[in-house]
Amino acid sequence: MEATLEDIASNPTDYKICKKCGHFAWYENDTCPNCMAHEFDNDSKKVEKKAIALIDSYIEEDGYTEDEALGIIIDI
C-alpha cells in the first residue's frame, strides 16, 4: 500500500509511526512495512509533524517544488 506525503499530512489519523525505525504505516497495519516491527506511535500530531518536516526537507534540502514534495509516495 502507498500514500503520498500530502495524504499523510492531511489525514494523520489514518497513519502511525513505527517506534523502531520511524517509518509511516497505515493505521490498520500490525507490522511496519519497513522493518517488520510491531510497536507504533499513534499520535496524529506527531504523524502530521513528521510528514510536514519531510515535505519541508524535500523542498529545502533537495530542491523539490512544493507539488513534487507533496506527491512523494511512501510505502505504508
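Before moving on, here are some points about what is shown:
- One entry in (i) 1.04; (ii) 1.49; (iii) 1.11 is Cα Rg over 2.2 N^0.38 Å calculated from the shown coordinates; its label is (i).
- Residues whose amide H falls under 5 Å from that of T4, counting only those 5 or more places apart or on a different chain, are I74, with hydrogens built in the peptide plane.
- Longest segment of the chain lacking trypsin sites (Lys or Arg not before Pro) that sit in a DSSP loop with at most 16 other Cβ atoms within 10 Å: 21-76
- Calculated from backbone phi, Karplus (6.51, -1.76, 1.60) coupling profile of the range 47-56 in Hz, x at Gly/Pro: 4, 4, 4, 5, 4, 5, 4, 5, 4, 4
- Positive-end extreme of charge dipole, the chain - chosen from A37, S57, F24 (charges on Cβ): A37
- Over the chain: helical MRE at 222 nm, DSSP H runs n ≥ 4 each giving -39500 (n - 2.57), nearest 500: -10500 deg cm²/dmol
- Derived scalar couplings ³J(HN,Hα) [the range 68-76; Karplus, 6.51 cos²θ - 1.76 cosθ + 1.60; whole Hz; x for Gly, Pro]: 5, 5, 5, x, 4, 9, 10, 6, 10
- Estimated dipole of the chain in Debye, rounded to 20 [Cβ of Lys and Arg +1, of Asp and Glu -1, Cα centre]: 480 debye
- Remark: relative contact order (the chain) = 43 percent; criterion is Cα-Cα distance under 8 angstrom and separation of 6 or more residues.
- Listed values for the range 4-21 are Karplus-derived 3J(HN,Hα) couplings in whole Hz (6.51 cos²θ - 1.76 cosθ + 1.60, θ = phi - 60°), namely 7, 4, 4, 4, 5, 5, 7, 9, x, 6, 8, 9, 9, 10, 5, 6, 7, 10, and x replaces Gly and Pro.
- Net charge in the neighbourhood of Y15 (other residues with Cβ under 11 Å of its Cβ; Lys, Arg +1, Asp, Glu -1) is -3.
Every read-out reported here was derived from the displayed coordinates using simple, explicitly stated rules and does not represent laboratory data. None of these values were measured; they are calculated from a predicted model. Backbone-built Cβ (ideal geometry, glycine too); neighbour counts: all protein chains shown.
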